[in-house]
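Q: Handing you this structure, nothing more for now.
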Amino acid sequence: MKLLSPAISSLARMRLWRIEGWKNNPVDAQREVLQDLVTSAQYTEFGRKYNFSKLFNIKSYKQAVPVHEYDDIKPYIKRIMNGEQNILWNTPVYWFAKSSGTTSDKSKFIPVSAESLQDCHYKAAKDVLTLYYAFNPDSEFLTGKGLVIGGSHTIHQMNADVQYGDLSAVLLQNSPFWAHWLRTPDLSIALMDEWENKIEKLAKSTITENVTSISGVPTWTLVLLRRILEITGKQTISEVWRSMELYMHGGVSFTPYADQFKKIIGKEINYLEMYNASEGFFGADEIPGDDGMLLFVDHGIFMEFMPASEYGNSEPETIGLREVEIGKHYAPVISTNGGLWRYLLGDTIQFTSVFPFRIKVSGRLKHYINAFGEEMIVDNADKAIAIASEITSAIVNDYTAAPVYFSDTSNGAHEWLIEFEREPADIDQFASELDNALKKVNSDYEAKRYKDMALRKPVLHSLKRGIFNQWLKEKGKLGGQHKVPRLSNDRKFIEEIKLLM
């Protein structure tokens with residue numbers, strides 16, 4: 001391991017000039033990506049339908065191809081899963097990533113081509129490594145192992161050729177042999193489906209390893225770290241893994257978890273956010289802890305940006321990198337080397353800088369509350385929870401919120417279910433501070449709260465520990481990348497969870 005690490009770290013540093021190339025010329029890089037995609041797919045069924053061979057610029061491409069959501073391309077995907085080829089992409093597609101980024105009952109199957117593996121996911125992973133070494137040239141995290149807390153790694157056989165699993169499974173099955181030397185746990189544990197038992201085995205099997213980095217969703221990472229402390233009797237993780245230096249996260253906002261991680265780890269380490277989904281690898285922190293991830297523009301994905309207000313229009317407008325503005329909410333529309341064409345990803349992002357382009361994920365198009373014109377998104381809620389927690393010395397594990405509609409006797413409100421790691425001394429004070437913080441971060445919410453005319457003070461319930469996990473388990477969604485929806489514009493989820501209180 002120690003002989004391998006310097007070689008890999010040297011190669012990582014050598015890639016930096018390539019990153020500087022597309023970072024400094026992002027618009028040109030994106031134009032070339034689109035040209036490569038359209039040229040590659042011009043003789044596919046989809047390419048012939050939309051005359052790819054006659055599309056020579058971004059404008060003509062946007063005019064020819066409509067924006068698609070998953071249901072629009074599902075018929076194509078079903079045919080590929082049944083063995084047909086040359087439908088959406090020109091090389092054979094044998095792998096599909098089963099999306100687990102939502103708690104809905106429907107699963108999405110995202111095509112994963114050889115090109116999307118090599119030129120998107122793996123290339124981006126190498127670039128993350130390069131960026132980290134550029135920031136931290138004396139790092140020794142490759143002298144140890146990376147603890148990967150992924151989802152279910154089980155691969156399912158659709159037919160003789162086609163297989164599917166969650167993204168971590170697909171990446172694991174196709175990764176180079178040497179990558180297994182750098183990670184833990186053993187495959188026999190990584191392949192486990194049953195999440196609660198998996199946490200136990202993860203804890204016991206990794207205690208004796210030299211873990212230098214961890215990657216995973218914050219909620220389940222904390223569950224694992226707490227179990228490790230219980231088993232070892234140690235006070236902090238730094239006593240268990242003395243060389244621990246990096247935590248890589250994504251999937252949900254890290255803001256509500258930051259203080260918990262600092263306390264449980266017990267020393268200063270680097271925190272690095274990545275934006276990686278079944279559809280592609282979109283960005284990562286260039287500087288750990290910086291406000292905004294560097295947008296990856298040369299990784300087989302052409303990106304357009306739809307203003308969030310356009311969602312629901314039959315022909316939504318999209319803009320390119322030159323037109324984006326800092327602070328506005330956009331929904332990425334992507335075309336990929338896996339065969340997705342002008343596909344609405346479903347996330348919302350904000351640019352924190354332009355030239356270079358850095359972004360942060362602000363929520364989901366369908367995870368918001370706008371029952372009263374307040375247009376509250378997850379980014380607003382995360383910030384407000386963090387502010388209220390700091391003021392009241394509370395620690396929040398997880399939360400969900402939904403509207404309370406007008407009745408004959410009262411006006412509307414937001415109802416919050418919150419699971420605390422450490423409850424505030426005064427729950428009413430927490431609700432007041434949450435309310436005040438939301439007014440500061442969302443002017444529409446502030447306007448609706450004026451003299452309680454449209455919205456009254458938030459209704460807040462403190463949940464018994466484990467209620468959210470119980471709900472996820474009943475939905476068959478416990479573990480991995482599955483998570484409680486932070487915000488919902490209807491009361492379906494919140495009513496289901498309240499039945500367990």
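Q: Working only within segment 255-273, note down all residues that are open to solvent by less than 30 Å² (accessible area, probe 1.4 Å) and in a loop (DSSP other than H, G, I, E, B).
A: Correct list: I269 only.
Q: A further question follows. Which one of these does I377 not meet: (1) of a type outside the set (S, T, Y); (2) modelled with pLDDT of 95 or more; (3) in contact with a Ser or Thr (Cβ under 7 Å, 6 or more places away or on another chain)?
A: (2)
Q: Moving on to the next point. Name every residue in segment 42-82 that is under 30 Å from the mean Cα position of the chain (by Cα), aromatic (F, W, Y) and under 19 Å from G320 (Cα atoms), in order of residue number.
A: Answer for segment 42-82, where residues must be under 30 Å from the mean Cα position of the chain (by Cα), aromatic (F, W, Y) and under 19 Å from G320 (Cα atoms): just Y61.
Q: Could you say whether any residue in segment 151-168 is small (G, A, S), open to solvent by 70 Å² or more (accessible area, probe 1.4 Å) and modelled with pLDDT under 85?
A: Among the residues of segment 151-168, at least one is small (G, A, S), open to solvent by 70 Å² or more (accessible area, probe 1.4 Å) and modelled with pLDDT under 85, which makes the answer yes.
Q: Does segment 31-48 include one or more residues that are touching a Gly at 6+ places or on another chain (Cβ under 9 Å) and small (G, A, S)?
A: Yes: one or more hits.
Q: May I pose another question? One residue is enough: does segment 236-252 have a residue meeting the conditions open to solvent by 10 Å² or more (accessible area, probe 1.4 Å), touching a residue at least 40 places away in the same chain (Cβ under 8 Å) and over 13 Å from the mean Cα position of the chain (by Cα)?
A: For segment 236-252, residues open to solvent by 10 Å² or more (accessible area, probe 1.4 Å), touching a residue at least 40 places away in the same chain (Cβ under 8 Å) and over 13 Å from the mean Cα position of the chain (by Cα): present.
Q: Here's something else I'd like to know. Looking at this structure, is G339 buried (at least 24 other Cβ atoms within 10 Å of the Cβ) and outside any strand (DSSP E or B)?
A: Here the answer is yes, as G339 does meet what is asked.
Q: State which residue is surrounded by the fewest Cβ atoms within 10 Å (Cβ to Cβ) when the search covers only segment 406-446 and only residues that are in contact (Cβ under 8 Å) with a residue 60 or more places away in the chain and more than 30 Å from R226 (Cα to Cα).
A: D444
Q: If you don't mind, another one. Restricting attention to segment 440-499, report how many residues are of a type in the set (A, V, I, L, M), closer than 29 Å to S107 by Cα and assigned to a loop (DSSP other than H, G, I, E, B).
A: Looking only at that region, the number is 4.
Q: Also: I need the full set of residues from segment 416-432 which are more than 22 Å from T221 (Cα to Cα) and either among the hydroxyl-bearing types (S, T, Y) or more than 25 Å from the chain's Cα centre (by Cα) (or both), in order please.
A: Passing the criteria: P424, A425, D426, I427, D428, Q429, F430, A431, S432.
Q: If you don't mind, there's one more thing I want to ask. Mind checking which pairs have a first residue in segment 124-150 that is closer than 16 Å to Y275 by Cβ and a second that is acidic (D, E), Cβ under 7 Å, 6 or more apart or different chains?
A: L131/E286
Q: Name every residue in segment 52-85 that is among the hydrophobic types (A, V, I, L, M, F, W, C) and without any contact (Cβ under 8 Å) to a residue 12 or more places away in the chain, in order of residue number.
A: F56
Q: Another question about this same structure. Would you pick out the residues in segment 58-93 that are of a type in the set (S, T, N, Q), out of contact with any Lys or Arg (no Cβ under 8 Å at 6 or more places or on another chain) and closer than 25 Å to N313 by Cβ?
A: Q63
Q: Specify the residue that is nearest to K492 (Cα to Cα); the eligible residues are those in segment 371-390 that are touching a strand residue (DSSP E or B) at 6+ places or on another chain (Cβ under 7 Å) and of a type outside the set (D, E).
A: A371
Q: May I pose another question? In segment 85-94, is there at least one residue being at pLDDT below 95 and either polar (S, T, N, Q) or open to solvent by less than 30 Å² (accessible area, probe 1.4 Å) (or both)?
A: No, that holds for no residue.
Q: If only one of K78, K23, K59 is farther than 25 Å from F109 by Cα, open to solvent by 80 Å² or more (accessible area, probe 1.4 Å) and part of a helix (DSSP H, G or I), which one is it?
A: Exactly one residue qualifies, and that residue is K59.
Q: Filter segment 36-51 down to residues that are within 22 Å of C120 (Cα to Cα) and assigned to a helix (DSSP H, G or I) and give me whichever is most open to solvent (accessible area, probe 1.4 Å).
A: For segment 36-51, the residue satisfying everything is D36.
Q: Every residue in segment 369-398 that is surrounded by fewer than 22 Cβ atoms within 10 Å (Cβ to Cβ) and under 13 Å from P424 (Cβ atoms), please.
A: If the condition is that a residue be surrounded by fewer than 22 Cβ atoms within 10 Å (Cβ to Cβ) and under 13 Å from P424 (Cβ atoms), then I387, E390, I391, T392, S393, I395 are the ones that fit.
The values are calculated or read from the model by the stated rules, or taken from the named source; none is laboratory data. Quick caveat: nothing in here was measured; it's all calculated off a predicted structure. All Cβ positions, glycine included, derive from the backbone under ideal geometry; neighbour counts span all protein chains shown. To get the accessible areas, we keep the full protein, side chains included, count just its heavy atoms, and leave off ligands, DNA and RNA. Shrake-Rupley method; radii C 1.70, N 1.55, O 1.52, S 1.80 Å.
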